[in-house]
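Data block below; observations after.
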Amino acid sequence: MENFRSTRGSERTLRGAQAVIQGIAEDKGLYVPAQFPKLPCSIEELTGKTYQEIAKIVIGAFFNDFTEEEMAHCVDNAYDSKFEAKEIAPIVKAGDAYFLELYHGKTAAFKDMALSILPYLLTTSLKKEKEDKKICILTATSGDTGKAALEGFANVEGTEIIVFYPNKGVSTVQERQMVTQEGDNTHVFAIEGNFDDAQTGVKKIFNNDALAERLAAKGVKLSSANSINIGRLVPQVAYYVYSYVKLVEEGAIKMGDKINIVVPTGNFGNILAGYYAKQLGVQVNKFICASNENKVLTDFINTGVYDIRRDFYLTNSPSMDILISSNLERLLYHLSDGNGAEVKELMDKLESEKIYSVSEHIKEGLKDFYGGYADQKATNETIGRMYKENGYLMDTHTAVAYKVYEDYREATGDETVTVIASTASAYKFAESVAAAIGVPAEEDCFKLLEKLEETTGVSIPKGLQNLDKKEIRHKGVIEVADMPTTVEDLL
Ligand SMILES: *Cc1c(COP(=O)(O)O)cnc(C)c1O
């Protein structure tokens, strides 16, 4: 039951519900499964099952302190008609790969896959652990997490949610989605900084013991909706298991065949969920980690040196404009065979020297990964080419993944069946996508959505319709240094 522990060496073990409530460990580490669970059945026995059925089994294997009824409550409330695709995560073949479309939830990005269930996991956890404090969810976002978390937690009793996004660091549609958010418990601020500033600011608030004490006196406890929360990560494992099973059902692979998984990567959560799926028995040949110009992970996978002493670029795949990929810490933990002291040393180095280099042992483990990147020009060219040749519309992030996959194939000749994690609707990044497929620019971004729909015949996701007619409810712009006082004043 007590199967979660910190990446940074603390001996304390927690139940799933406790780890979800805590968000981040007391020693500043992230919670990880101390032991990877075993599925209660073989992967083969999952064939024919629905997304929801597979999700219950996979998430339930990690959070084994939840009863079957509790898990069913969470899964069934999360993955329902909110999703525009009845399969929840359809798989579409286009070009040379299978696209696992993870963006059919309310906010049109893959963050919905985890954030539609996190509020249920959290409220169930609070009940199970008899925690009576009000929970305040703090979230740093590079664009998509913020909206998905706001939708998930809006008007959820016993919670407040505060989101910080980088001013000018998100797309027009992403910003409008957040600032029009309804719900009395929702709060949104632009910060004068980039995503790393927002994420570091939030982590600092979590690690501020004096602030935590003052909030506790008011009956408030902080938690996180970022992928530093294990409750974000575990639900994502389900769709990798699901995609494997569906490929077998379709006859694209035979049970036991290996697949490649390509993930457009920012905070390393999504690709790490794939790695967790492998630990459950999904057969994976390579994890292909795709970055944009902020290619710190490409360099890391190729050299074993993580070096953030470099320029930060704002790109047209803003959800990947990140230099400090939080979840890499979890991979380091697993690859070091659970050596918390080693992980702590690396993370301390990153903070003080902005660079660290991993052991030969960890480097050996990194061989399961291939790292590559695509710049903006290549990204746009790939969107245009895919659309022209196959009539398939990709968003900028998914296009980064596809381009890196093409490079990988060319470099290795590997013909293994490949799944691309398709992380957002093209409409979230309408300006870039329209330009890439030759739809003339519009002054008004929201007119452009309509033109894109007329041209491509792909419907605008429900959550993005009429965004321009909604009332703007959140207007705050603050300095990074003012994040703690902003939180305290609100509460
Ligand atoms: C968040 C996000 C990513 C990056 O995912 P990580 O789990 O942070 O690596 C990629 N694409 C889109 C569209 C996203 O919203």
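The values are calculated or read from the model by the stated rules, or taken from the named source; none is laboratory data. Not measured: the values here are computed from a predicted model. Every residue, glycine as well, gets a Cβ built from its backbone with ideal geometry; the counts of neighbours run over all protein chains shown. SASA here: full protein model, heavy atoms, side chains in, ligands and nucleic acids out. Shrake-Rupley method; radii C 1.70, N 1.55, O 1.52, S 1.80 Å.
Projecting label points 7 angstrom from Cα along Cα→Cβ for Glu471 and Arg310 puts them 4.5 nm apart.
Couplings 3J(HN,Hα) for segment 439-450, derived from phi with the Karplus relation 6.51 cos²θ - 1.76 cosθ + 1.60 (θ = phi - 60°), are 8, x, 5, 10, 4, 8, 4, 6, 5, 4, 4, 5 Hz, where x marks Gly and Pro.
For the chain, the Cβ-based charge dipole about the Cα centre amounts to some 400 debye (Lys, Arg positive; Asp, Glu negative; other atoms uncharged).
Of the GluC sites (Glu not before Pro) in segment 401-464, which ones lie in a loop per DSSP and count no more than 15 other C-beta atoms within 10 Å? When the GluC sites (Glu not before Pro) of segment 401-464 are filtered for loop state and at most 15 Cβ neighbours within 10 Å, Glu415, Glu443 remain. Take every Cα pair under 8 Å whose residues are at least 6 apart in sequence, average their separation, divide by the length of the chain, and the relative contact order is 19 percent. For labels at Glu389 and Asp368 in the simple 7 Å Cα→Cβ model, what's the distance in nm? Output for this residue pair reads 3.1 nm. Taking amide hydrogens as placed 1.01 Å from N in the peptide plane, the amide H of Arg473 sits under 5 Å from those of Thr180, Gln181, each at least 5 positions away in sequence or on another chain.
Rounded to the nearest 20, the Cβ-based charge dipole of segment 353-491 about its Cα centre (Lys and Arg +1, Asp and Glu -1) stands at 320 debye. Here the label points at Asp76 and Val417, each 7 Å from Cα along the C-beta direction, are separated by 3.2 nm in the simple model.
Look at the alpha carbon pairs under 8 Å that are at least 6 residues apart: their mean separation over the length of segment 341-491 gives a relative contact order of 16 percent.
Taking every protein chain into account, the 1.4 Å probe leaves Val400 with about 0 Å² of accessible area, to the nearest ten. Taking a sphere under 12 Å around the Cβ of Val284 and counting the other residues whose Cβ falls inside, with K and R at +1 and D and E at -1, yields a net charge of +1. Largest first, the extents of the alpha carbon coordinates of the chain on the three principal axes equal 60, 50, 48 Å.
Assign one of three labels to segment 102-219, namely rounded, prolate or oblate, based on the Cα gyration tensor with a ≥ b ≥ c the square roots of its eigenvalues; rounded applies when a/c is under 1.5, prolate when it is not and a/b is larger than b/c, and oblate otherwise. In terms of gyration-tensor shape, oblate. Only Cα pairs under 8 Å and 6+ residues apart enter the sum, and on that basis the relative contact order of segment 39-166 stands at 18 percent. Once the Cβ-Cβ distance of Lys218 and Glu44 is raised to the sixth power relative to R0 = 56 Å, the FRET efficiency obtained is 0.60. Scanning residues 5 or more positions from Asp27 or on other chains, none has an amide H under 5 Å from its amide H, with H placed 1.01 Å from N in the peptide plane. Kindly write out, for segment 66-71 in residue order, the coupling ³J(HN,Hα) from the Karplus curve 6.51 cos²θ - 1.76 cosθ + 1.60 (θ = phi - 60°), rounded to whole Hz, with x marking Gly and Pro. Along segment 66-71, the couplings run 7, 6, 4, 5, 4, 5 Hz. With the helix formula -39500 (n - 2.57) applied to DSSP H stretches of n ≥ 4, the chain reaches a computed 222 nm mean residue ellipticity of -13000 deg cm²/dmol. Taking Arg473, Arg232 and ordering them by how much accessible surface each has at a 1.4 Å probe, largest first, produces Arg473, Arg232. May I ask you to derive the FRET efficiency for Ala85 and Lys130 from their Cβ-Cβ distance with R0 = 25 Å, giving the value to the nearest 0.05? According to the calculation, E is roughly 0.10.
Seen from Leu30, the other residues with C-beta closer than 15 Å to its C-beta sum to a net charge of +2, counting Lys and Arg as +1 and Asp and Glu as -1. Between Glu410 and Thr303, take the C-beta separation as r, use R0 = 22 Å, and let me know the FRET efficiency to the nearest 0.05. Here the calculated transfer efficiency is 0.55.
Ranked by the mean number of other Cβ atoms within 10 Å per residue, highest first, peptides 79-86, 242-249 order as 242-249, 79-86. Averaged per residue, segment 374-491 has 47 square angstrom of accessible surface, using a 1.4 angstrom probe with ligands and nucleic acids left out.
What a 1.4 Å probe finds exposed on the chain is 45% carbon and sulfur by accessible area, rounded to a whole percent.
What the phi angles of segment 36-49 give under the Karplus curve with 6.51, -1.76 and 1.60, with θ = phi - 60°, is a coupling list of 6, x, 9, 5, x, 9, 6, 4, 4, 6, 8, 5, x, 8 Hz, glycine and proline written as x.
Annotation: amide H of Leu222 within the under-5 Å range of Cys136, sequence separation 5 or more or interchain, hydrogens built in the peptide plane.
Pairwise Cα separations in segment 396-487 fall into 5 Å bins from 0 onward with the following percentages, short to long: 2, 11, 16, 14, 12, 12, 13, 9, 6, 4, 1.
Computed over the alpha carbons of segment 300-363, Rg followed by Dmax gives 12.6, 38 Å.
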